[in-house]
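> Structure provided below as structure tokens; questions to follow.
The values are calculated or read from the model by the stated rules, or taken from the named source; none is laboratory data. Quantities reported herein were computed from a predicted structural model and do not represent experimental measurements. Cβ atoms come from the backbone with ideal geometry, glycine included; neighbour counts cover every protein chain shown.
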Amino acid sequence: MAEKHHSGMQPASRGIPSKEALWLSDIRKLRDQWKYGKNVRLEMEQILQIVFPDQYQAKYYEVSNAFMALLLEKLELEGDDVGAFLRDNNFSKATFYNVILPRLRRVGMVKTERRRFHHSKSTQKHYQNIIRPSTQFSKFFGHLAKEYESIVETAKARASDASEEERGEG
């Protein structure tokens, strides 16, 4: 029986929904392009390729790249800052708030919070949305990588122990 998806419904048979997926091309090609075996630092443009691959989601990639550059420069953006960014770059507000920001938040590259403030002429509560960079993306993938490496090293150690035992018994 198929396992239920977190929303309680079974996933579509067509595969993983794109809004819930990250994209990796052939790791061997990335190794050559990114030179990660040589400790060469990646740039944000390269990292965003797995969140919004430009060959498939060019506009999303363009908007997210420009937005992350601004966010990393300022380290905190308020609603007015985001509005100015979208106007100045002629980017769609709907695309940003319905696609770009949710995905960046979901993968752990940004965090959002609401800051309460008082308006001098009103008794209503007012909130200001704040966006900051987050390190959850790197913490998650760093943990994933360390655990995978540990699994592989444990398997190698067990195989080595088993082959030594066989030699000792023979």
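> Just name the residue that is modelled with the lowest pLDDT out of those in the stretch 135-163 that are hydroxyl-bearing (Ser, Thr, Tyr) and part of a helix (DSSP H, G or I). I'd like the intermediate steps shown before the answer.
Taking the stretch 135-163 as the starting set, the residues that turn out to be hydroxyl-bearing (Ser, Thr, Tyr) are 135, 138, 148, 150, 154, 160, 163.
Now restrict to residues that are part of a helix (DSSP H, G or I): 138, 148, 150, 154, 160, 163.
Values: Ser138: 93, Tyr148: 95, Ser150: 96, Thr154: 95, Ser160: 84, Ser163: 76.
That would be Ser163.
> Residues that are closer than 23 Å to Trp34 by Cα and at pLDDT 95 or above: list the helices (runs of 4 or more DSSP H) wholly contained in the stretch 48-134 that include at least 1 such residues.
The qualifying helices (runs of 4 or more DSSP H) are 58-74, 101-106.
> Can you find, within the stretch 116-140, the residue that is nearest to Glu20 (Cα to Cα) among those that are in contact (Cβ under 8 Å) with a residue 24 or more places away in the chain and basic (Lys, Arg)?
Ranking the candidates gives Lys139 first.
> Would you check if Leu75 is touching a strand residue (DSSP E or B) at 6+ places or on another chain (Cβ under 6 Å) and within 14 Å of Arg132 (Cα to Cα)?
no
> To continue, here is another question. Please give the number of the condition Tyr97 fails out of (1) within 21 Å of the chain's Cα centre (by Cα); (2) under 25 Å from Lys139 (Cβ atoms).
Failing condition for Tyr97: (2).
> Is it the case that Met68 is crowded, with 17+ Cβ neighbours inside 10 Å, in contact (Cβ under 8 Å) with a residue 40 or more places away in the chain and more than 18 Å from Ala21 (Cα to Cα)?
Yes.
> Taking Ser163 as meeting all but one of (1) under 25 Å from the mean Cα position of the chain (by Cα); (2) surrounded by 10 or more Cβ atoms within 10 Å (Cβ to Cβ); (3) not acidic (Asp, Glu), write down the number of the exception.
Here Ser163 clears every test but (1).
> Testing Val110 on (1) over 17 Å from Gln136 (Cβ atoms); (2) surrounded by 11 or more Cβ atoms within 10 Å (Cβ to Cβ); (3) of a type outside the set (S, T, N, Q), one condition comes back false. Which one is that?
(1)
> So Ser25 ticks every box in (1) under 23 Å from Lys139 (Cα atoms); (2) modelled with pLDDT of 95 or more; (3) of a type in the set (S, T, N, Q); (4) in a loop (DSSP other than H, G, I, E, B) but one. Which box is left unticked?
Checking Ser25 against (1) under 23 Å from Lys139 (Cα atoms); (2) modelled with pLDDT of 95 or more; (3) of a type in the set (S, T, N, Q); (4) in a loop (DSSP other than H, G, I, E, B), the one that fails is (2).
> Sticking with this structure for a sec: Assess whether Val110 counts as being among the aliphatic types (A, V, I, L, M) and out of contact with any helix residue (DSSP H, G or I) (no Cβ under 6 Å at 6 or more places or on another chain).
So Val110 does not fit the description; no.
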